[in-house]
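The values are calculated or read from the model by the stated rules, or taken from the named source; none is laboratory data. In this text, all values refer to a predicted model and were calculated from it rather than measured experimentally. All Cβ positions, glycine included, derive from the backbone under ideal geometry; neighbour counts span all protein chains shown. Note: accessible area is taken over every heavy atom of the protein model, side chains too, but ligands, DNA and RNA are not part of it. Shrake-Rupley method; radii C 1.70, N 1.55, O 1.52, S 1.80 Å.
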Amino acid sequence: LPDQMVESNIGGTIPYMAPECLRAIAAESSATKFEPSAQVDIYSLGATLFQLLTGRLPYGDIPRDLTRTSLAQQLLERQERGPDSMQAFNPEVSFGLQNIIGRCLAFEPGMRFASASELAIELRKELKPLRAARRWMHANPIKSWTVTAALLLASVGGIYFAATVDDRQIAAAYQAFE
């Protein structure tokens, strides 16, 4: 992707650029004004978070055979439709986190977070239960190991039971209830 990674007067890597940056590149004109803002950075951070959590870019693979201008135009079209569902690629991403990242990737700058501080507040709210669980585990190591051991034993017992029970025994048990 050497052509796509070359810095222009706008700067940055095209797949992580906000729509307003891509419009300036796609226009191929110095008449198109681009004003850097917090929303531009928040968009790029959203694209980075999307990729970290799913292993892919928000708008799919990037063609390698397009010019910088053509790539900017194609990405603008994809961005207007919105990003792919994060949960399709990582079901462990919560709906709340998906919504936060989706807001970072909003096509219109006014729909994004106004500042990094605002984004940080929302991320803290969403991730607070995970931090609380981690703190509880560290504060209660014996209880957390007991719960972990009980879950592990239950899992092993379930697997053992499933492996040793014959299908005929299950069918006989169902017939007994009829």
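For region 14-119, what is the accessible area per residue in Å², given a 1.4 Å probe and the full set of protein chains?
51 Å²
Counting only other residues whose beta carbon sits under 10 Å from that of I42, what net charge do I get with K and R as +1, D and E as -1?
On the way: positive: R103, R112; negative: D41, E118.
Local net charge: 0.
I'd like the Karplus ³J(HN,Hα) series for region 80-87: coefficients 6.51, -1.76, 1.60, θ = phi - 60°, whole numbers in Hz, and an x wherever there's a Gly or Pro.
Values, residue by residue: 5, 6, x, x, 5, 5, 5, 5 Hz.
At a probe size of 1.4 Å, how large is the accessible area of K125, to the nearest 10 Å²?
130 Å²
Using a 1.4 angstrom probe with every protein chain in place, what is the largest-first accessible-area order of R81, R135?
Working: R81 180, R135 140 Å².
Greatest to least solvent exposure: R81, R135.
Could the peptides 85-95, 38-48, 146-156, 105-115 be put in order, highest first, of the mean number of other beta-carbon atoms found within 10 Å of their residues? Mind showing how you got there, number by number?
Working: 85-95: 13.5, 38-48: 20.1, 146-156: 10.4, 105-115: 16.2.
Ranked from most to least packed, the peptides come out as 38-48, 105-115, 85-95, 146-156.
What ³J(HN,Hα) values, in whole Hz, does the Karplus curve 6.51 cos²θ - 1.76 cosθ + 1.60 give for region 102-109 when θ = phi - 60°, with x put for Gly and Pro?
Ordered by residue, 3J(HN,Hα) equals x, 5, 4, 8, 4, 5, 8, x Hz.
Quick one: which residues, 5+ away or cross-chain, put their amide H under 5 Å from the amide H of T13? H built at 1.01 Å from N.
So T13 has HN proximity to no qualifying residue.
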